[in-house]
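Okay, so here's the structure we're looking at.
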Amino acid sequence: MDLLTVETFARPTDDDALRALQPTLGADRTLLGGGTWLFSVPQPHLAGVVDLAGLGWEPLVAAGDGLTVAATTTLAALGDVDPSSYPAWPAVASFRGCAEALVGSRKVRQVATVGGNVCLALPAAPMITLAAVLDATATIWLPDGRSRTAPVVDLVAGPQRNALAPGEVLRSLHLPAVALRARTALRKASLSPLGRSAALLAGRRGEDGFVLAVTASLPRPAVLRYDDVPTAGALAADVAAAGETVGGGWYDDPHGSPAWRRAMSLLFAEEIRRELGGTG
């Protein structure tokens with residue numbers, strides 16, 4: 001879709017050039033990642049676009065403390081990561097499932113970016129699911145040249161609402177090694193085979209315990225933590241409670257009713273619990 005109101009276009013080729021443009025960002029001038037959403041609907045408020053495609057950020061950088069994923073990394077690039085390249089990090093196997101949970105073709109995933117998926121803050125955004133279950137931390141560039149960090153889940157304020165201030169830029173996500181060393185499990189439900197996720201749950205079990213991320217069925221992610229795999233009753237009670245309190249309750253849109261989303265979330269939570277070793 002053409003953006004007929006856009007009058008200015010910039011494609012910075014290095015970090016300094018982007019930094020110089022940050023103070024100009026706001027309601028009428030936005031960042032362009034992959035554009036799979038930006039160009040899909042009218043944007044009558046937009047007068048300017050800053051394209052991040054020319055920055056050349058390294059998609060993945062591994063270090064002893066974990067893996068840093070650039071905001072401009074495409075979902076296809078993340079999903080294509082070979083888990084055997086990171087034998088000490090079993091959770092890398094979850095990248096493909098989360099990438100493929102995005103609605104759309106392989107062509108879409110080759111363009112859509114990790115940062116764009118997070119910043120759009122849709123309940124069904126699978127990069128938010130990945131970030132939630134793996135305790136990802138965001139590095140955010142401020143317009144004054146400084147930077148800050150924050151848990152990625154704290155950036156999601158609600159459907160299509162994030163907690164970034166005007167001029168702030170999501171630079172990268174850091175996945176800690178302790179989470180990457182865990183085993184993971186993923187479940188998705190939608191009303192059609194290629195439909196938007198109505199319930200997308202991910203779990204991990206490792207040296208720091210059991211973590212369950214409940215997404216898509218809620219307006220914003222719920223992350224449940226336990227020292228070890230909880231009992232079926234305890235997990236079900238906590239998932240049900242999250243559905244009543246997080247973001248205003250079970251999400252309701254054409255992709256699924258609140259009651260169905262609740263039922264699928266409870267079912268998936270138990271399946272993940274059992275897959276990761278729960279017995280009681």
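Numbers for the structure displayed
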read-out: Subset of region 140-182 [surrounded by 15 or more Cβ atoms within 10 Å (Cβ to Cβ) and among the basic types (Lys, Arg)]; value: Arg171, Arg181
read-out: Scan of region 143-162 for residues that are touching a helix residue (DSSP H, G or I) at 6+ places or on another chain (Cβ under 8 Å) and part of a strand (DSSP E or B), ordered by number; value: Val156, Asn162
read-out: Single residue of Ala259, Ala269 found to be free of Cβ contacts under 8 Å to residues at least 12 places away in the same chain and among the hydrophobic types (A, V, I, L, M, F, W, C); value: Ala259
read-out: Boolean, Ala165 is aliphatic (A, V, I, L, M) and outside any loop (DSSP other than H, G, I, E, B); value: no
read-out: Test: residue in region 183-204 that is buried (at least 20 other Cβ atoms within 10 Å of the Cβ), on the phi < 0 side of the Ramachandran plot and either β-branched (Val, Ile, Thr) or free of Cβ contacts under 8 Å to residues at least 60 places away in the same chain (or both); value: yes
read-out: Residue match in region 16-25 (condition: in contact (Cβ under 8 Å) with a residue 12 or more places away in the chain and part of a loop (DSSP other than H, G, I, E, B)); value: yes
read-out: Region 10-45 - residue that is touching a Ser or Thr at 6+ places or on another chain (Cβ under 8 Å) and surrounded by fewer than 18 Cβ atoms within 10 Å (Cβ to Cβ) and, of those, modelled with the highest pLDDT; value: His45
read-out: Positions within region 217-243 being more than 23 Å from Arg196 (Cβ to Cβ), of a type outside the set (A, V, I, L, M) and outside any loop (DSSP other than H, G, I, E, B), in sequence order; value: Arg225, Tyr226, Gly233, Asp238
read-out: Filter result (among the small types (Gly, Ala, Ser) and touching a Lys or Arg at 6+ places or on another chain (Cβ under 7 Å)) within region 72-124; value: Ala76, Gly79, Ala88, Ala91, Ala99, Ala101, Ala121, Ala124
read-out: Residues (in contact (Cβ under 8 Å) with a residue 40 or more places away in the chain, in contact with a helix residue (DSSP H, G or I) (Cβ under 8 Å, 6 or more places away or on another chain) and not basic (Lys, Arg)) located in region 211-227; value: Val211, Leu212, Ala213, Val214, Thr215, Ala216, Ser217, Leu218, Pro221, Val223
read-out: Residues located in region 232-280, provided they are surrounded by 14 or more Cβ atoms within 10 Å (Cβ to Cβ) and polar (S, T, N, Q); value: Ser257, Ser265
read-out: Number of the exception - Ala121 against (1) in contact with a Ser or Thr (Cβ under 6 Å, 6 or more places away or on another chain); (2) modelled with pLDDT of 95 or more; value: (1)
read-out: Selected residue (criterion: farthest from Asn117 (Cα to Cα)) from residues of region 58-75 that are in contact (Cβ under 8 Å) with a residue 60 or more places away in the chain and crowded, with 17+ Cβ neighbours inside 10 Å; value: Gly66
read-out: In region 69-84, residue farthest from Gly35 (Cα to Cα) [restricted to those that are out of contact with any helix residue (DSSP H, G or I) (no Cβ under 7 Å at 6 or more places or on another chain) and assigned to a helix (DSSP H, G or I)]; value: Ser84
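The values are calculated or read from the model by the stated rules, or taken from the named source; none is laboratory data. From a predicted model like this one, the values you see are computed outputs, not experimental measurements. Virtual Cβ from ideal backbone geometry, glycine too; neighbours counted across all protein chains shown.
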